[in-house]
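Below is one structure, written out as structure tokens; the observations come after it.
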Amino acid sequence: MSVSLTQSQLQIPNLGPRRVASPLELSTTLGDGRGNYMLDDMRLLYEPRLRAGEEPDLLSLEVGGPREQIFFRPEEVKAAIVTCGGLCPGLNNVIRGIVQELQYNYGVNHVLGIRHGYQGLNPAEGRPPIKLDAELVSSIHHQGGTILGTSRGPQEPRVTVDFLAAEGINLLFCIGGDGTQRGAHAIAAEISRRELPIAVIGIPKTIDNDIKFCYRTFGFFTAVAEAEIAIDRAHVEAKSVLNGVGLVKLMGREAGFIAAAATLASGEVNFCLIPEEPFQLEGEHGLLARLQHRLAAREHAVIVVAEGAGQHLLADRPRDCDASGNQRHGDIGYFLKTQIESFCRAEGVPVSVKYFDPSYQIRSVPATAVDSLLCERFARGAVHAGMAGKTDAMVALWHDQLVHVPLVVATGQKKQLDVEGELWGSVLAVTGQEKW
Ligand code: F6P
């Protein structure tokens, strides 16, 4: 993975010196059975791979985890949690983990839940926060969605910071995708301009898994598991009729991670179409001709298409953005269905296209065990970072370890699937699909 960053860009801002002893009663000595405080100069290499004879690249990320000395006195902390953007499995797990870690382990008793995303940080919207405690959140992790509600779009940072200051909130957790983290950075920048002791910590959420500097966002694997179910159903439909085509559209606005991973998990897909690899419809090597060959050979086919794929084929696609600033997309799934049907009609090939669009279904479910585990790690890691006075930073997963990434770096660009990499190579191998 190549990256054009300097070490100083990966430096995590701190609110100030840490003079408070952590109440966690961990140890700095390895192996004494009490768990460990993490040292601030502990770094994780960005790129651990090395070719023989090469100098290692020493670019590194700050390792997350509890610090022995913290910035905030627990009794002076008033924390707030906000969930933004589209739904994602695990939102409630993260809320629960943050509240529990704050209350049970750090002894913080003031935690607010901000209602309906960043809107709830603007008093003019008329959605006052609710008080959260460990009892209230004890079993919310079994439910999909977010108990706080969500919304898209930022608010004016000046208004938000006025609100935080007026409410006495000094630790803000922003759970969301790229747009949310950009919003969190804008809030942190306004706080810094006013020199206020308020920490802002981001937690990366998106089923699309498209956040840079984070191997895996929470919700992704749950979405893949649900998507696999839809693909398997589509396969059953396709096999049950002559020349059946199971066509499944999955979320993935600019990245095909869900489509690719669900394709691999299912093992029943013949064509996997993603935004990162433009495909052709017409011509000898186009999708329609390839599908015709497939139907002639096997009398059924399964196609998975990520919502952001093939947008260049849609003449009347939307040109505007949603409230989070994301480009809206046309319905590539329905477009493919109609194109396949008219092509087959013209070719005299009988076909029965069963179109599945499980988009919202795959993200409104509760988190699976793998995601619940990640949510727990992110939630507790975010609390440790915030209590230590880290700010303008996101917790992330890198080489399966918790790290801190500056928000400005994490939101600079979106992560996309590497079409030269192992994941896509496996998709090509499993589907038998050739490069376009
Ligand atoms: O969370 C990202 C995402 O799942 C995208 O893949 C999708 O385009 C978007 O959310 C749709 O969300 P909504 O319809 O709620 O704006």
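The values are calculated or read from the model by the stated rules, or taken from the named source; none is laboratory data. None of the values given here were measured: they were computed from a predicted structure. Cβ placement follows ideal geometry from the backbone for every residue including glycine, while neighbour counts extend to all protein chains displayed. To get the accessible areas, we keep the full protein, side chains included, count just its heavy atoms, and leave off ligands, DNA and RNA. Shrake-Rupley method; radii C 1.70, N 1.55, O 1.52, S 1.80 Å.
Things worth noting here:
- Simple Cβ-charge dipole of region 221-364, Lys/Arg +1 and Asp/Glu -1, about Cα centre, in debye nearest 20: 200 debye
- Seen from Trp424, the other residues with C-beta closer than 10 Å to its C-beta sum to a net charge of -4, counting Lys and Arg as +1 and Asp and Glu as -1.
- When both bridge partners sit in the chain, DSSP labels roughly 35% of those beta bridges antiparallel.
- Gain in span if fully extended, Arg43 to Leu281, counting 0.36 nm per residue against the direct Cα distance: 81.0 nm
- Dipole moment magnitude, nearest 20 debye, region 97-190 about Cα centre, only Lys, Arg, Asp, Glu C-beta charged: 180 debye
- Figure note: His399, His300, His293 ranked by solvent-accessible area, largest first, 1.4 Å probe, ligands and nucleic acids not counted: His293, His399, His300.
- Per residue value of the accessible surface for the chain (all protein chains in place, 1.4 Å probe), Å²: 42 Å²
- Two-decimal Rg to Rh for region 221-364 - Kirkwood Rh, Cα set: 0.96
- Most positive-pole-ward Cα, Ser22, Leu281, Ala297, against dipole of the chain from beta carbon charges: Ser22
- Electrostatic bookkeeping for Tyr46 treats Lys and Arg as +1 and Asp and Glu as -1; over the other residues with beta carbon under 13 Å from its beta carbon, the sum is 0.
- Nitroxide proxy distance, nm - points 7 Å out along Cα→Cβ at Gln7 and Glu299: 6.6 nm
- Dipole moment magnitude, nearest 20 debye, the chain about Cα centre, only Lys, Arg, Asp, Glu C-beta charged: 640 debye
- Under-5 Å amide H pairs with Phe279, H placed in peptide plane, nonlocal only: Gly310
- Note on surface exposure: Cys214, Cys321 rank Cys321, Cys214 by accessible area, highest first, 1.4 Å probe.
- When every Cα-Cα distance of the chain is counted in 10 angstrom steps from zero, the calculated P(r) takes the values 5, 21, 28, 22, 14, 7, 2, 0 percent.
- Given 10 as the ceiling on other Cβ atoms within 10 Å, longest exposed-site-free region of the chain for trypsin sites (Lys or Arg not before Pro) in DSSP loops: 52-318
- For region 22-148: Kirkwood Rh in Å [reciprocal of mean 1/r, alpha carbons]: 17.6 Å
- Sulfur and carbon atoms: percent of accessible area, the chain [1.4 Å]: 50 percent
- Whole-Å semi-axes of region 336-436's equivalent ellipsoid (Cα gyration tensor): 42, 18, 14
- Förster radius 45 Å - calculated FRET efficiency between Glu75 and Ile229 (Cβ-Cβ, nearest 0.05): 0.40
- Cβ-defined net charge surrounding Leu61, 11 Å radius [Lys, Arg +1; Asp, Glu -1]: -1
- For the chain, excluding the exposed loop sites themselves (GluC sites (Glu not before Pro), DSSP loop, at most 11 other Cβ atoms within 10 Å), the longest remaining stretch covers 285-419.
- Farthest toward the positive end of the dipole of region 221-364, out of Ala309, Phe335, Ala323, is the Cα of Phe335, where the dipole comes from beta carbon charges about the Cα centre.
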